[in-house]
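The values are calculated or read from the model by the stated rules, or taken from the named source; none is laboratory data. Note that the structure is predicted; figures quoted are calculated from it, not measured. Every residue, glycine as well, gets a Cβ built from its backbone with ideal geometry; the counts of neighbours run over all protein chains shown. Surface areas here come from the heavy atoms of the whole protein model, side chains and all, with no ligands, DNA or RNA. Shrake-Rupley method; radii C 1.70, N 1.55, O 1.52, S 1.80 Å.
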Amino acid sequence: MEMKESPIPTEHFHSNRPSSLPLLEKIFFGKVIHETIILNPASFLKIPEAISQIYRTLGYINPEPGVMAAKPKLYYFRGRGRMEPIRWLLAAAGVEFEEEFLETRERYEKLQKDGHLLFGQVPLVEIDGMMLTQTTAILSYLAAKEGPEGESQVLECSIDMYADGTLDLMMMIALAAFKPREEKEENIALVVGKAKTRYFPVFEKILKDHGEDFLVGNKFSWADIQLLEAVLMVEELSASVLSDFPLLKAFKTRISNIPTIKKFLQAGSQRKPPPDSHYVEAVKTVLQFSWQRQSEQTIVSRSKVFEKSKTITPSTANAD
Amino acid sequence: MAGKPKLHYFNMRGRMESIRWLLAAAGVEFEEKFIDTPDDLEKSKKDGCLMFQQVPMVEIDGMNLVQSRAILNYIAAKYNLYGKDIKERALIDMYIEGVADLNEMIMLLPGCPRDQKDAKITQIKEKTTNRYFPAFEKVLKSHGQDYLVGNTLSRADIQLVELLYSVEELDPSLLANFPLLKALKTRISNLPTVKKFLQPGSQRKPPLDEKAIEEARKVWKF
């Protein structure tokens with residue numbers, strides 16, 4: 001079956017330097033890279049092999065940190081929410097970013113008045129001259145720009161599929177913070193149950209079937225970053241949740257040891273803690289909603305509804 | 001030549017309808033296998049072709065794809081409806097996510113408890129006229145072009161027009177103050193593939209009416 005040429009260009013990795021160093025062709029998944037990738041041989045030799053392979057996979061080594069475009073700027077509450085996967089992706093790709101935390105209603109309204117929030121919503125990321133909203137739009141753009149995709153549309157599709165699955169799981173956790181306290185135990189049990197019966201077995205099987213280190217195409221991708229993030233989030237709810245998933249455990253260790261991710265996992269990074277009552281209050285203040293409206297809006301939109309009953313309903317439980 | 005894509009879903013719009021629209025607009029013929037009973041669904045799950053035990057699922061190019069977003073992304077990229085570079089794609093993604101959010105609210109209405117339904121409809125109308133329609137009208141006004149992104153037909157146009165039809169079914173007056181959206185709707189509806197899809201006898205699915213909901217309740221026991 002002939003595949004049409006992907007409209008997404010292969011020049012993901014741009015360099016500002018003249019091509020005095022060797023052209024690295026066909027290094028990434030069979031795509032010919034149209035522009036030179038600069039590797040400083042000296043610094044390359046100092047890096048242990050495993051790490052250098054990861055950097056190669058990530059796209060480039062930029063030996064001169066000064067030669068960089070303006071940093072992306074993230075606008076969100078001071079907490080995980082829907083921005084956290086974006087922070088992970090940037091951190092894993094070694095991209096420095098700035099953050100502005102929304103703490104007042106006035107600031108939020110100003111962003112709206114200035115026309116930066118297309119649908120009046122955050123997350124908002126200022127990047128490459130664009131004011132991007134919509135989490136998956138931002139993630140897709142960053143993944144295409146900063147890191148490797150699969151070797152073809154087929155593999156990119158797998159990445160999308162896996163990423164969407166893990167995002168579903170993470171959003172369940174993110175939204176649980178906004179539910180009534182009385183339901184907390186029940187919600188945690190639901191989420192952990194979903195992780196153990198629906199999501200983790202799938203990824204354990206993927207890793208088992210191909211026996212490779214990464215989820216897709218034997219290369220580090222967005223899907224790996226998000227799976228790690230999801231795994232860690234569920235572990236915060238239930239420390240032993242990985243006990244039946246040895247390959248996921250190994251995966252977790254492996255991905256956590258990638259230098260950029262290791263750094264992100266250390267104290268003092270821009271990684272945010274799990275949502276607490278302060279976070280919930282801040283969000284409610286800025287967005288000015290009551291509990292009732294919140295449960296209508298965000299529980300209904302974009303999240304997989306908690307299955308309240310055991311019966312199958314076409315519109316909720318089994319539609320994705 | 002590979003076979004036609006095969007769509008696995010219930011015989012209704014739900015989360016598969018956007019995929020039907022996109023394939024149809026791209027001029028791609030497709031087959032459908034309907035899940036009519038809980039047993040059908042169990043069988044599909046047992047066959048192991050539903051990655052997260054959920055539908056939609058689309059058999060295409062040797063893959064069993066699930067997750068509607070992943071499916072739509074693949075189809076859009078394959079048929080060149082996803083912009084010419086990653087920046088255009090980012091804009092397209094931004095717009096279609098907004099479309100998806102509003103569409104989700106409308107899609108979930110039939111499952112809404114009867115006593116909450118009116119409030120929900122009011123909320124949807126309010127969001128439509130105050131948040132979503134103005135945003136898209138503004139985009140069209142800002143560049144004055146025939147299509148949302150890159151002066152070329154993309155999935156953003158198709159998915160937005162699909163939404164406009166759904167909103168129209170809810171309340172035709174909502175589109176009244178958005179001339180550019182109205183023009184886009186006419187323009188896209190007149191594309192030969194879309195025109196065909198809009199005619200009776202196509203694979204487009206009707207909205208859920210009370211009768212259909214009742215029947216679904218009996219079969220699926222909810």
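For region B:9-20, name all the residues that are more than 14 Å from B:Pro207 (Cα to Cα) and surrounded by 23 or more Cβ atoms within 10 Å (Cβ to Cβ).
Within region B:9-20, B:Tyr9 is the sole residue that qualifies.
Considering only helices (runs of 4 or more DSSP H) fully contained in region B:1-81, which possess at least 2 residues that are within 10 Å of another protein chain (Cβ to nearest Cβ) and not basic (Lys, Arg)?
In region B:1-81, B:38-46, B:68-78 are the helices (runs of 4 or more DSSP H) which contain 2 or more residues that are within 10 Å of another protein chain (Cβ to nearest Cβ) and not basic (Lys, Arg).
Taking the residues in region B:90-108 that are more than 9 Å from chain A (Cβ to nearest Cβ) and within 21 Å of B:Ala216 (Cβ to Cβ) as candidates, determine which candidate is surrounded by the fewest Cβ atoms within 10 Å (Cβ to Cβ).
B:Ile106
Only one of A:Val122, A:Val95 is open to solvent by 10 Å² or more (accessible area, probe 1.4 Å) and either closer than 26 Å to A:His278 by Cα or in contact with a Phe, Trp or Tyr (Cβ under 9 Å, 6 or more places away or on another chain) (or both). Can you tell me which?
A:Val122
Quick test for you: out of A:Tyr199, A:Tyr162, pick the one residue that is farther than 24 Å from A:Phe97 by Cα and open to solvent by 10 Å² or more (accessible area, probe 1.4 Å).
Exactly one of A:Tyr199, A:Tyr162 is farther than 24 Å from A:Phe97 by Cα and open to solvent by 10 Å² or more (accessible area, probe 1.4 Å), namely A:Tyr162.
Let's see how each residue does on (1) among the charged types (D, E, K, R); (2) within 14 Å of chain B (Cβ to nearest Cβ):
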{"residue": "A:Ala92", "(1), (2)": "no, no"}
{"residue": "A:Glu106", "(1), (2)": "yes, no"}
{"residue": "A:Thr135", "(1), (2)": "no, yes"}
{"residue": "A:Lys145", "(1), (2)": "yes, yes"}
{"residue": "A:Ala177", "(1), (2)": "no, no"}
{"residue": "A:Arg181", "(1), (2)": "yes, no"}
{"residue": "A:Glu186", "(1), (2)": "yes, no"}
{"residue": "A:Tyr199", "(1), (2)": "no, yes"}
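From the set of residues in region B:27-41 that are touching a helix residue (DSSP H, G or I) at 6+ places or on another chain (Cβ under 7 Å) and under 23 Å from B:Val161 (Cα atoms), which is surrounded by the fewest Cβ atoms within 10 Å (Cβ to Cβ)?
B:Gly27
Only one of A:Leu242, A:Leu228, A:Leu207 is under 24 Å from A:Asp160 (Cα atoms), outside any helix (DSSP H, G or I) and either open to solvent by less than 20 Å² (accessible area, probe 1.4 Å) or assigned by TED's automatic domain parsing to the domain that holds A:Phe77 (or both). Can you tell me which?
That would be A:Leu242, the only listed residue that is under 24 Å from A:Asp160 (Cα atoms), outside any helix (DSSP H, G or I) and either open to solvent by less than 20 Å² (accessible area, probe 1.4 Å) or assigned by TED's automatic domain parsing to the domain that holds A:Phe77 (or both).
Do you know which residues across region B:203-216 are within 14 Å of another protein chain (Cβ to nearest Cβ), part of a helix (DSSP H, G or I) and open to solvent by 70 Å² or more (accessible area, probe 1.4 Å)?
Of everything in region B:203-216, those that are within 14 Å of another protein chain (Cβ to nearest Cβ), part of a helix (DSSP H, G or I) and open to solvent by 70 Å² or more (accessible area, probe 1.4 Å) turn out to be B:Glu214, B:Glu215.
Pairs please, first residue from region B:158-179 and in a loop (DSSP other than H, G, I, E, B), second anywhere and modelled with pLDDT of 95 or more and open to solvent by 50 Å² or more (accessible area, probe 1.4 Å), Cβ atoms under 9 Å, 6+ apart in sequence or on different chains.
What qualifies is B:Asp171/B:Lys125; B:Ala176/B:Lys182.
Taking region A:73-110 on its own, how many of its residues are acidic (Asp, Glu) and under 24 Å from A:Leu228 (Cα atoms)?
The number of residues fulfilling the criteria is 4.
Kindly indicate which of B:Lys43, B:Lys84, B:Lys33 is farther than 16 Å from B:Arg155 by Cβ, out of contact with any Lys or Arg (no Cβ under 9 Å at 6 or more places or on another chain) and not small (Gly, Ala, Ser).
Answer to the selection: B:Lys43.
With respect to B:Lys87, determine if the residue is assigned to a helix (DSSP H, G or I), without any contact (Cβ under 8 Å) to a residue 12 or more places away in the chain and within 8 Å of chain A (Cβ to nearest Cβ).
yes
Just give me the residues in region B:180-202 being under 24 Å from B:Ile124 (Cα atoms), touching a residue at least 40 places away in the same chain (Cβ under 8 Å) and open to solvent by 50 Å² or more (accessible area, probe 1.4 Å), in sequence order.
Across region B:180-202, the qualifying residue is only B:Leu180.
Anything in region B:180-202 that is assigned to a helix (DSSP H, G or I) and either within 20 Å of B:Leu140 (Cα to Cα) or among the basic types (Lys, Arg) (or both)? List them, or say none.
Hits for region B:180-202 are B:Leu180, B:Leu181, B:Lys182, B:Ala183, B:Leu184, B:Lys185, B:Thr186, B:Arg187, B:Ile188, B:Ser189, B:Lys195, B:Lys196.
Out of (1) under 17 Å from the mean Cα position of the chain (by Cα); (2) open to solvent by 10 Å² or more (accessible area, probe 1.4 Å); (3) within 7 Å of another protein chain (Cβ to nearest Cβ), what's the single condition that is false for B:Gly111?
Result: B:Gly111 passes all but (1).
Of the numbered conditions (1) at pLDDT 95 or above; (2) in a helix (DSSP H, G or I); (3) more than 9 Å from chain A (Cβ to nearest Cβ); (4) surrounded by fewer than 23 Cβ atoms within 10 Å (Cβ to Cβ), B:Asp118 fails exactly one; give the number of that condition.
(1)
From B:Ile35, B:Ile92, B:Ile19, grab the single residue that is in contact (Cβ under 8 Å) with a residue 40 or more places away in the chain and closer than 28 Å to A:Arg198 by Cβ.
Criteria check complete, one pass: B:Ile19.
Could you identify the single residue in B:Lys205, B:Lys211 that is touching a residue at least 12 places away in the same chain (Cβ under 8 Å) and more than 30 Å from B:Lys141 (Cα to Cα)?
It is B:Lys205.
As an exercise: evaluate A:Ser158 against (1) at the interface with chain B (Cβ under 10 Å from one of its Cβ atoms); (2) within 19 Å of B:Leu91 (Cα to Cα) and give the number of the one condition it does not meet.
Going through the list (1) at the interface with chain B (Cβ under 10 Å from one of its Cβ atoms); (2) within 19 Å of B:Leu91 (Cα to Cα), A:Ser158 breaks only (2).
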